[in-house]
1. So for each of 795-808, 211-224, 408-421 I average, over its residues, the number of other beta carbons within 10 Å; can you give me the resulting order with the highest mean first?
2. Probe of 1.4 angstrom, ligands and nucleic acids ignored: what's the accessible area per residue over segment 21-71, in square angstrom?
3. Measure off, as a whole percent, the carbon and sulfur share of the 1.4 Å-probe accessible area of segment 153-373, all protein chains present.
4. Among the listed pairs Lys58/Lys774; Lys775/Lys814; Lys36/Lys75; Lys61/Lys775; Lys36/Lys775, which are separated by more than 21 Å between their Cα atoms?
5. Per the Kirkwood formula on distinct C-alpha pairs, the Rh of segment 687-834 is how many angstrom?
6. Give the peptides 168-180, 65-77 in descending order of average Cβ contacts within 10 Å, highest first.
7. Using a 1.4 Å probe, what is the accessible area per residue for segment 687-834, in Å²?
8. Quick one: 3J(HN,Hα) in Hz for segment 581-587, Karplus 6.51/-1.76/1.60 with θ = phi - 60°, rounded, Gly and Pro as x.
Amino acid sequence: MASCKDGKSVMDNGKYVRYTPEQVEALERLYHDCPKPSSMRRQQLIRECPILSNIEPKQIKVWFQNRRCREKQRKEASRLQTVNRKLTAMNKLLMEENDRLQKQVSQLVYENGYFRRQTHSTPLATKDTSCESVVTSGQHHLTSQHPPRDASPAGLLSTAEETLTEFLSKATGTAVEWVQMPGMKPGPDSIGIIAISHGCTGVAARACGLVGLEPTRVSEILKDRPSWFRDCRTVDVINVLPTANGGTIELLYMQLYAPTTLAPARDFWLLRYTTVMDDGSLVVCERSLGNTQNGPSMPPVPNFVRAEILPSGYLIRPCEGGGSIIHIVDHMNLEAWCVPEVLRPLYESSAVLAQKTTVAALRYLRQIAQEVSQTNVTNWGRRPAALRALGQRLSRGFNEALNGLADEGWSMLDSDGMDDVAILVNSSPDKLMGLNLSFANGFSSMSNAVMCAKASMLLQNVPPAILLRFLREHRSEWADNNIDAYAAAAIKVGPCSLPGARVGNFGGQVILPLAHTVEHEEASLVIKLEGHSPEDAIMPRDMFLLQLCSGMDENAVGTCAELVFAPIDASFADDAPLLPSGFRIISLESGKEASSPNRTLDLTSALETGPAENKVANDLHTVGGTSRSVMTIAFQFAFESHMQESVASMARQYVRSIISSVQRVALALSPSHLGSHGGLRSPLGTPEAHTLARWICQSYRCFLGVELLKANTDQGSESILKGLWHHSDAIICCSAKALPVFTFANQAGLDMLETTLVALQDITLEKIFDDHGKKNLCTEFPQIMQQGFACLQGGICLSSMSRPISYERAVAWKVMNEEDTAHCICFMFVNWSFV
């Protein structure tokens with residue numbers, strides 16, 4: 001078989017087999033139902049479809065092979081066209097960026113020469129008041145010499161045109177010195193070209209990228225800031241003024257939630273200008289209105305700090321072949337003076353602004369474009385837009401509880417003498433609307449108030465994603481099963497409901513987790529419908545946990561990781577009421593996050609002993625790991641108002657127990673403490689781990705005749721274990737049983753599987769291979785057991801998060817113990833990468 005032509009196939013002897021149009025149509029229908037039928041299935045197709053009765057099974061096999069070949073070629077051609085279009089757009093962006101940098105270099109050369117001439121011609125330093133700009137490190141800070149504007153349409157238009165000019169000078173000019181954001185390298189598969197400011201007032205970020213949406217649609221999405229910026233509470237359009245050139249001027253009032261209980265929320269009084277340029281580009285730019293413009297004013301709002309947006313916005317250009325090239329500039333002064341000093345990196349870091357706002361906008365646009373092109377329904381029966389709306393509701397509900405603003409009905413209760421946990425109560429009708437849920441057994445919830453218990457704590461040397469991953473995968477480490485059981489029952493019959501209620505089983509069958517990934521970019525967002533069945537508690541049979549997990553990419557700068565969940569019933573609808581609770585962990589470091597997202601129990605921390613333990617913590621900071629972060633906890637409870645005092649006491653106790661558990665877990669996950677405290681030492685630091693490492697290396701040398709590690713294995717066991725842990729290829733061990741389960745992996749192996757050492761044993765060998773890989777493994781497994789090793793061809797496997805991974809080749813060998821019996825089987829995946 002050597003050809004892939006419609007309507008005919010080529011057999012091995014060179015003879016064409018021609019098919020009638022009716023046969024091709026029948027085969028096409030069968031192909032869509034089953035692209036790769038087995039031999040038995042092909043024979044069954046011939047029996048069930050009389051029109052194919054005169055065709056031999058081998059010929060049908062060849063037809064399906066050719067059909068899959070054509071499909072693969074079509075997909076590859078489509079992929080290459082997409083990559084080519086991205087490369088063309090990226091090349092255009094890079095050429096524009098190169099032109100901008102050349103202009104900046106020319107300007108700096110000119111200014112350098114000017115100052116040299118001034119220095120030579122003026123022997124004494126004099127104060128020059130005639131210059132309208134000050135140059136510092138090549139950065140222009142323009143001092144406005146324009147008279148104050150009035151609030152008339154003409155004055156607002158003048159302000160708008162000035163805002164447009166300043167925005168364009170930042171987006172495509174040299175008004176701001178931009179440097180590439182750490183960890184964000186441009187390329188065909190990257191989200192775009194991301195840059196942050198250097199040496200300018202406030203914090204600023206810029207992004208350039210390609211999105212598969214038309215400019216008008218891009219503008220509509222970006223103007224609706226609450227839909228994509230989860231920290232945005234509201235954007236109110238106060239007034240709209242049309243302009244003579246067909247544009248619009250809008251006066252906006254915007255509020256942003258505070259990310260933690262330790263800081264106040266922000267608000268902005270803005271002018272937004274939308275217009276079309278002469279070249280057809282669409283521009284949306286904005287700036288804060290203040291005393292400088294002398295325009296209409298907005299009085300201060302209680303509980304909010306008035307911040308400033310400097311000229312920012314979006315430049316949207318039509319792209320050849322469809323889509324848009326977009327330039328985004330965010331430039332803010334977030335008034336960092338009014339927050340505790342420990343939190344100021346969140347308000348003074350351009351990298352944090354880029355990650356939370358600028359990159360978030362690009363990711364959302366790409367997500368919408370993907371949904372438009374693939375209007376599929378998920379396995380939960382809901383479209384991506386509906387799932388995204390659920391995620392927004394969970395995030396917004398959590399932000400609302402965390403901020404506890406008075407205009408939403410929240411009021412604070414008196415403290416019990418300790419200020420670690422704040423208690424707020426909300427009895428407003430809007431908050432309670434829809435909370436009295438009816439259930440299948442006739443009971444209903446009679447709650448008439450909502451309580452929120454919230455607290456913040458500072459963490460040391462624990463990257464946010466690592467801690468949050470542990471909290472997500474090991475709920476029993478912090479949650480109280482008895483309280484969960486009581487909470488679930490309370491939701492059923494009314495008096496009080498605690499969040500995070502676990503679920504029983506249906507008719508004795510445990511409900512398996514059902515997860516849907518809403519965002520497919522670097523920052524993941526997962527909505528999870530999850531059921532639990534603890535043996536020590538009786539749970540209602542129609543309660544579930546809706547869970548949102550975001551920010552799990554620890555390599556992102558300005559990491560903010562969230563785990564938010566809300567109890568729901570089995571008849572959950574998209575508009576059902578939610579009481580979200582959960583955790584938010586924010587990195588307080590603005591440097592590059594470069595540590596591994598799966599280093600839950602870092603092996604190297606167990607290898608260092610004595611004074612060297614401090615070196616681990618120092619190395620963590622050196623390579624860019626998070627040294628400080630702030631965790632915010634907020635839990636909501638529905639209750640009856642006459643039980644307020646008892647529920648408040650229970651809520652305080654519950655949150656304090658969670659804080660204690662989190663502190664214990666954080667201590668265990670901190671590299672500086674692993675191995676130095678009894679009970680917290682990593683299992684990999686035990687003598688058994690050193691013995692296993694020695695067995696792995698000795699067996700590899702015995703069966704393959706070469707050394708696994710470059711270093712001499714005659715050295716100490718700690719050096720062998722350390723070398724194995726840092727090996728560049730993924731090394732994973734599994735039990736030598738009928739259903740092999742993973743028992744050990746080095747750091748590269750954990751990265752490949754996207755798991756932790758604690759959760760590694762929950763993964764079986766067959767789960768990571770596709771059908772082709774399983775077939776090869778079944779073929780080679782006897783050889784591994786008899787000969788001692790086998791070399792596997794390259795292929796595709798899956799991580800624990802179901803992400804495809806390609807590997808060049810794999811080697812498998814038996815690991816023999818001291819008694820010369822098989823202890824386990826070890827796999828080494830060479831040159832692996834995520835597809």
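1. So the order, starting with the most tightly packed, is 211-224, 795-808, 408-421.
2. 60 Å²
3. 54 percent
4. Lys58/Lys774
5. One over the average 1/r among Cα pairs gives 15.3 Å for segment 687-834.
6. Answer by packing, highest mean first, reads 168-180, 65-77.
7. 48 Å²
8. 9, x, 10, 9, 10, 10, 5
The values are calculated or read from the model by the stated rules, or taken from the named source; none is laboratory data. Remember, predicted model here, so these are calculated numbers, not experimental data. Positions of Cβ are backbone-derived with ideal geometry, glycine not excepted, and every protein chain shown enters the neighbour counts. Remember, those area values only see protein heavy atoms, side chains included, never the ligands or the DNA or RNA. Shrake-Rupley method; radii C 1.70, N 1.55, O 1.52, S 1.80 Å.
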